[in-house]
């Protein structure tokens, strides 16, 4: 199971362009009761993720209802299976929209989110994804009805550039998978490098074929880079890195990689020996370190792994607190208050404490288990703590601390 946030589903990669559409957002009635839908996978390769996301939702809903609900009414959550492809996710979205839910948690996959968001937006439904990190969602025409509690790959690109800066090198080469996911990601990394004062000696895309990798390696070897930034998936990335390292005999470089390469796919080239020790990368925090939250989550499901459960928990609480603050169950009204309840107020981590502050007439700053959550006016988190990882002699990923990126 990859610890990477869900940038795609299966072997496909999300498009970086979203077709603009005329606003046909439906005005949904304010019936005073907050109804939530959940779209998460029940089986297949993402079963662990789906279970943990549902556990996070269940915990949040239980705590909210124990505290008296939202605006005096209990919150209800209805779950639908995301499946393993956009078609299944689309059916789940259509079902929840027809049921009249006010907000939806999910989908978990960026590819699925890109495929179903238009349906939610046109229906006037607020959507919060705990895991869809793809950069192509940054500028999606969501009419203010899409938020995320996972950092966008835009922030991850900045974190990767920061690793290069911390290495002490003043120049780096960038190699990326030349597709709709890799190109914008690499461009964001380059902007981050340049902002940190690092010279980009070369930037080159590969299509994943052996011939393309060989051509790129030959060009890169002529530049003698100190650091090579590799943006790729879990199968192509290891092949690129091994090819580069084999071609450079002396003054071997270090490597900075994106989260997808943290767990190389089955059958792909592995990292071993001295090479493994020269690779590091960043990935969104997948598991909460808040012991109180973890114990509460295990009270819901003793077998849970907690994979991105905190992000799902945050989605529910942010929506509920926005509804509580505005005394409304209308998605548009709720979404307009998301930034206000996650910044510039009295810090709080649970619905009950935050609701008490709201009742006292205070502004709140909901932070959740991470204690750092802040969502901007665009619906994206403005700061993030990333896990900094490396590899041991056996090629297994190991955590090496954290790195914080953003405006706070």
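The values are calculated or read from the model by the stated rules, or taken from the named source; none is laboratory data. Keep in mind the model is a prediction, meaning the values are calculated, not measured. With ideal geometry, Cβ positions are generated from the backbone for all residues, glycine too; neighbour counts draw on all protein chains shown.
One table, with the values for the structure above:
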{"read-out": "Unique residue being part of a helix (DSSP H, G or I) and within 16 Å of residue 294 (Cα to Cα) when the list is 47, 62", "value": "62"}
{"read-out": "Every residue from the stretch 244-277 that is in a helix (DSSP H, G or I) and surrounded by 18 or more Cβ atoms within 10 Å (Cβ to Cβ)", "value": "244, 245, 259, 260, 261, 275, 276"}
{"read-out": "Condition broken by residue 294, with the remaining ones in (1) modelled with pLDDT under 90; (2) assigned to a helix (DSSP H, G or I) satisfied", "value": "(1)"}
{"read-out": "Inter-residue pairs, beta-carbon under 6 Å, first at positive phi and in the stretch 33-45, second at pLDDT below 95 and buried (at least 16 other Cβ atoms within 10 Å of the Cβ), 6+ apart", "value": "44/84"}
{"read-out": "Matching helices (runs of 4 or more DSSP H) fully within the stretch 139-230 where at least 3 residues are touching a strand residue (DSSP E or B) at 6+ places or on another chain (Cβ under 8 Å) and at pLDDT 95 or above", "value": "153-166, 182-195"}
{"read-out": "Residue within the stretch 84-91 that is crowded, with 18+ Cβ neighbours inside 10 Å, within 19 Å of the chain's Cα centre (by Cα), assigned to a helix (DSSP H, G or I) and modelled with pLDDT under 95 present", "value": "yes"}
{"read-out": "Residue 280 being assigned to a helix (DSSP H, G or I), surrounded by fewer than 24 Cβ atoms within 10 Å (Cβ to Cβ) and modelled with pLDDT of 95 or more", "value": "no"}
{"read-out": "Count - residues of the stretch 393-408 that are within 20 Å of residue 166 (Cα to Cα) and in contact with a helix residue (DSSP H, G or I) (Cβ under 7 Å, 6 or more places away or on another chain)", "value": "3"}
{"read-out": "Among (1) crowded, with 18+ Cβ neighbours inside 10 Å; (2) not in a loop (DSSP other than H, G, I, E, B), the one test that residue 306 misses", "value": "(2)"}
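Residues checked against (1) more than 21 Å from residue 333 (Cα to Cα); (2) touching a helix residue (DSSP H, G or I) at 6+ places or on another chain (Cβ under 8 Å):
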{"site": "74", "(1), (2)": "no, yes"}
{"site": "96", "(1), (2)": "no, no"}
{"site": "101", "(1), (2)": "no, no"}
{"site": "133", "(1), (2)": "yes, yes"}
